Amino acid sequence: MRLPKVTRFLATVATAALAALGTVTVDVAPASAAVRNVCYNTSQAGPFASYAVQAASIWNNRTNNINMAQCGSNLMIYYTYGGGSYAQRTSLGNGRVVIDYYQAQQYSPLRIMTHEIGHILGLPDNYNGNCAILMSGGSAGTSCTNPYPSTAEAARVDQLFGFAAARSATTPQVFTGSWPAPATAGAQR
Ligand SMILES: [Zn+2]
């Protein structure tokens, strides 16, 4: 009676290992079967509601495995005055994004929105100062307005949403401090 269990377990481990290696192709199921809805709610987003819609569109266009739509409240969008923008991820695709109104006057509000949603979609910060990298956040300076994830960033989101093992391995986390106040007027890069 224990053999089937062990076999199932080994099959799961093998699948997870292959997934980690990125060697599993999506021909095991139609691509549409992997698409997961990320339902966001802009009712509390105030002046940033339209940016949330734009950011969702960007993520939808750049990925294959997610569909962001205003179909529920898995992801709540808020705004505040001061304290900094942040993302609070409760699990992959779930949580809240808070946009700091003042920060959004220094940095591109669309880049902030797309970046913070990126955290909800599983991406960590990557403060390398490269404007082509969405998750570099404020390290790319206030002049950087790029709201698009890089190919690698989008692929990572697809990878996370494409495999159940990766989805469940995505831990709750709060991401703050991505948009530091510019030190001086000359500190731009
Ligand atoms: Zn961040």
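The values are calculated or read from the model by the stated rules, or taken from the named source; none is laboratory data. These figures come from a predicted structure and were not determined experimentally. Heads up, the Cβs are rebuilt from the backbone with ideal geometry, glycines too, and the neighbour counts pull from every protein chain shown. For the accessible areas, the whole protein counts, side chains as well, though only heavy atoms, and no ligand, DNA or RNA atoms are used. Shrake-Rupley method; radii C 1.70, N 1.55, O 1.52, S 1.80 Å.
Among the residues of region 94-107, write down those that are more than 13 Å from the ligand (Cβ to nearest atom) and over 17 Å from the mean Cα position of the chain (by Cα). Passing the criteria: 101, 102, 104, 105, 106. Scanning region 142-159 for residues that are open to solvent by less than 10 Å² (accessible area, probe 1.4 Å) and either out of contact with any strand residue (DSSP E or B) (no Cβ under 8 Å at 6 or more places or on another chain) or within 12 Å of the ligand (Cβ to nearest atom) (or both) yields 144, 149, 154. For region 1-74, which fully contained helices (runs of 4 or more DSSP H) count at least 1 residues that are at pLDDT below 95? Because the criterion is at least 1 residues that are at pLDDT below 95, the helices (runs of 4 or more DSSP H) in region 1-74 that meet it are 2-21, 31-34.
For region 62-87, filtered to residues that are without any contact (Cβ under 8 Å) to a residue 24 or more places away in the chain and open to solvent by 30 Å² or more (accessible area, probe 1.4 Å), the residue that is nearest to residue 39 (Cα to Cα) is 80.
Take the residues in region 88-108 that are assigned to a helix (DSSP H, G or I) and open to solvent by less than 30 Å² (accessible area, probe 1.4 Å), then tell me which one is farthest from residue 179 (Cα to Cα). Looking at the filtered set, the residue picked out is 104.
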